[in-house]
Amino acid sequence: MKSFISGLYHFIIEIIMWLPCHPLRRIACRLLMKRFDASSAIYRNVDLRSPYRICVGAHTNINKRCVLDGRGGLTIGSNVDIAQETNIWTEQHDYNSPTYESICKEVIIEDYVWLASRVTVLGVHIGRGAVVASGAIVTKDVPPLAIVAGVPAKIIGYRKEEALQYHLGDRARFR
C-alpha cells in the first residue's frame, strides 16, 4: 500500500509539472517544496525527487526537462539560471561498496549561478556567481565567480569581480 501511495504521489507531481500552466506549477512547488519563492520560474517537465527537501530562492529560472533530486537536501539560491536538461543529484551509489550502498550529499547552489544546458551536478557546493559550461559534470566544489567546464569540471577562468544585480524568473503564464 505504501508503494502505491508513493507511486500515485510521484505520478501526480509528474502530471502537474507537465501541464502548460506556469501559475499552477508555481502553486504546486510552493505547496510541495520546502521553500519555493513566488518570483521564481519553473518550466514544464521538471522531475522533482523528494521536493519537500528542496529550497529555491527568489528570481530563479529552472528550465524544462531538469532533474532536481532533493533526497540528500538541495538548496538553490536567488537569481540562479538552470538551463534545460540539467541534472542535480544529491544521492548516488557507491560503486566500491559490496552492497551498492547509497551516498547522500547535500547540493548547495549559491546566488547568481548559471548552470548551462545538460550539466550534471553531483553532491557539491557551487559558489556565488559561478558559471558551469554546457555538458560539464561537476564532482568537486566550485569557488565563487569561477567558470568551470569539462568532464570532470575544471576551472577555466573567472567572472569579473563586479556586483551582480540582475533578476530572473519573469515568465509567461502558459509555457
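The values are calculated or read from the model by the stated rules, or taken from the named source; none is laboratory data. Note that this is a predicted model, so its numbers are computed, not measured. Neighbour counts are summed over all protein chains in view; Cβ atoms, including those assigned to glycine, are modelled from backbone coordinates with ideal geometry. Areas reflect the complete protein model, heavy atoms only, side chains present, ligands, DNA and RNA absent. Shrake-Rupley method; radii C 1.70, N 1.55, O 1.52, S 1.80 Å.
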Per the charge dipole of the chain (beta-carbon charges, Lys/Arg positive, Asp/Glu negative, Cα centre), the residue among I82, S39, V67 reaching farthest to the positive end is S39
Averaged per residue, the 1.4 Å probe accessible area of the range 59-175, protein heavy atoms only, in Å², is roughly 53
Summing -39500 (n - 2.57) over every DSSP H run of at least 4 in the chain, dividing by its residue total and rounding to the nearest 500, the 222 nm mean residue ellipticity is -5000 deg cm²/dmol
When the charge dipole of the chain is computed with +1 on Lys and Arg Cβ and -1 on Asp and Glu Cβ about the Cα centre, the Cα farthest towards its positive end, among Y9, Q165, P152, belongs to Y9
With every protein chain in place, the accessible area of R35 for a 1.4 Å probe, in Å² rounded to the nearest 10, comes to 120
Toy charge model, Lys and Arg Cβ at +1, Asp and Glu Cβ at -1: the chain dipole around Cα centroid in debye, rounded to 20, equals 520
Taking protein heavy atoms only, a 1.4 Å probe, and rounding to whole percent, the accessible area of the range 26-158 owed to carbon and sulfur comes out at 52
Taking only Cα atoms of the range 30-141, the Rg to Rh ratio with Kirkwood Rh works out at 0.96
